[in-house]
1. Could you tell me whether region 93-101 includes any residue that is modelled with pLDDT of 85 or more, of a type in the set (Asp, Glu) and not in a helix (DSSP H, G or I)?
2. Conditions first: (1) free of Cβ contacts under 8 Å to residues at least 12 places away in the same chain; (2) surrounded by 18 or more Cβ atoms within 10 Å (Cβ to Cβ). Leu111 passes all but one, so which condition is the exception?
3. So, in region 32-48, of the ones that are of a type outside the set (Ser, Thr, Tyr) and farther than 16 Å from Gly116 by Cβ, which residue ends up surrounded by the most Cβ atoms within 10 Å (Cβ to Cβ)?
4. Considering each of Leu120, Leu99 in turn, give the residue that is within 17 Å of Glu23 (Cβ to Cβ) and in contact with a Lys or Arg (Cβ under 9 Å, 6 or more places away or on another chain).
5. Exactly one of these conditions fails for Ser79: (1) more than 15 Å from the chain's Cα centre (by Cα); (2) in a strand (DSSP E or B). Give me its number.
6. Consider Leu78 carefully, then state whether it is among the aliphatic types (A, V, I, L, M) and closer than 25 Å to Lys101 by Cβ.
7. State yes or no: is Leu70 aliphatic (A, V, I, L, M) and in contact with a Phe, Trp or Tyr (Cβ under 7 Å, 6 or more places away or on another chain)?
8. Please specify each residue of region 1-49 satisfying the condition of being among the hydroxyl-bearing types (Ser, Thr, Tyr), part of a loop (DSSP other than H, G, I, E, B) and at pLDDT 85 or above.
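The values are calculated or read from the model by the stated rules, or taken from the named source; none is laboratory data. Not measured: the values here are computed from a predicted model. Note that we place each Cβ from the backbone using ideal geometry, even for glycine, and neighbour counts take in every protein chain shown.
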Amino acid sequence: MVIRADQTEKAWSLFARIKGRAEKDLITLQSSYPGCLNIYNVRPGGVTPSQPGRRSLAFQIMDAILVPTLKVVYPGMLSPVGELAKVLHDLAVGDGKALGKGVGVEDQGRLVRSAGVRALYAAANK
């Protein structure tokens with residue numbers, strides 16, 4: 001079962017309610033400091049390592065079994081760490097404007113899901 005952040009705070013999971021509230025409150029806080037505070041809420045899903053062999057044995061086993069399975073069953077849930085790092089860097093040093101409509105971009109251009117991370121990375125590396 002996938003637990004997702006819920007900005008309505010009606011999810012059964014405490015994690016989903018708290019993460020959703022934090023995202024909603026950050027967007028509200030941004031309006032208090034226009035031009036100074038630019039928020040992007042990023043939900044990368046599962047982050048796949050660039051060097052799986054440099055992790056603990058338990059994570060290496062998970063990387064060997066779970067990651068390939070998810071790549072087939074639910075590929076939209078994964079974000080490669082290198083792509084995620086590039087996108088987060090670009091968002092941090094960018095102009096702070098809301099992102100345009102696109103795959104995996106929601107909440108008036110302030111919420112980026114894992115599909116959005118991959119789309120932004122692909123667009124930046126054309």
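1. Filtering region 93-101 for residues modelled with pLDDT of 85 or more gives 93-101.
So of that shortlist, the ones also of a type in the set (Asp, Glu) come out as 95.
Imposing the further condition that a residue be not in a helix (DSSP H, G or I) reduces the set to 95.
So far as region 93-101 goes, yes, one or more of its residues are modelled with pLDDT of 85 or more, of a type in the set (Asp, Glu) and not in a helix (DSSP H, G or I).
2. The failed condition is (1).
3. Of region 32-48, the ones of a type outside the set (Ser, Thr, Tyr) are 34-39, 41-47.
Narrowing the set further to residues that are farther than 16 Å from Gly116 by Cβ leaves 34-38.
Numbers: Pro34: 8, Gly35: 7, Cys36: 8, Leu37: 12, Asn38: 16.
Once the filter is applied, the top-ranked residue is Asn38.
4. On the way: Leu120 fails: within 17 Å of Glu23 (Cβ to Cβ).
So the residue among Leu120, Leu99 that is within 17 Å of Glu23 (Cβ to Cβ) and in contact with a Lys or Arg (Cβ under 9 Å, 6 or more places away or on another chain) is Leu99.
5. Every listed condition holds for Ser79 apart from (1).
6. Working: among the aliphatic types (A, V, I, L, M): yes; closer than 25 Å to Lys101 by Cβ: yes.
So Leu78 fits the description; yes.
7. On the way: aliphatic (A, V, I, L, M): yes; in contact with a Phe, Trp or Tyr (Cβ under 7 Å, 6 or more places away or on another chain): no.
Judged against the criteria, Leu70 is not a match.
8. As a first pass, look at region 1-49 and keep what is among the hydroxyl-bearing types (Ser, Thr, Tyr): 8, 13, 28, 31-33, 40, 48.
Restricting the remaining residues to those that are part of a loop (DSSP other than H, G, I, E, B) gives 8, 13, 33, 40.
Listed by number, the residues that qualify are Tyr33, Tyr40.
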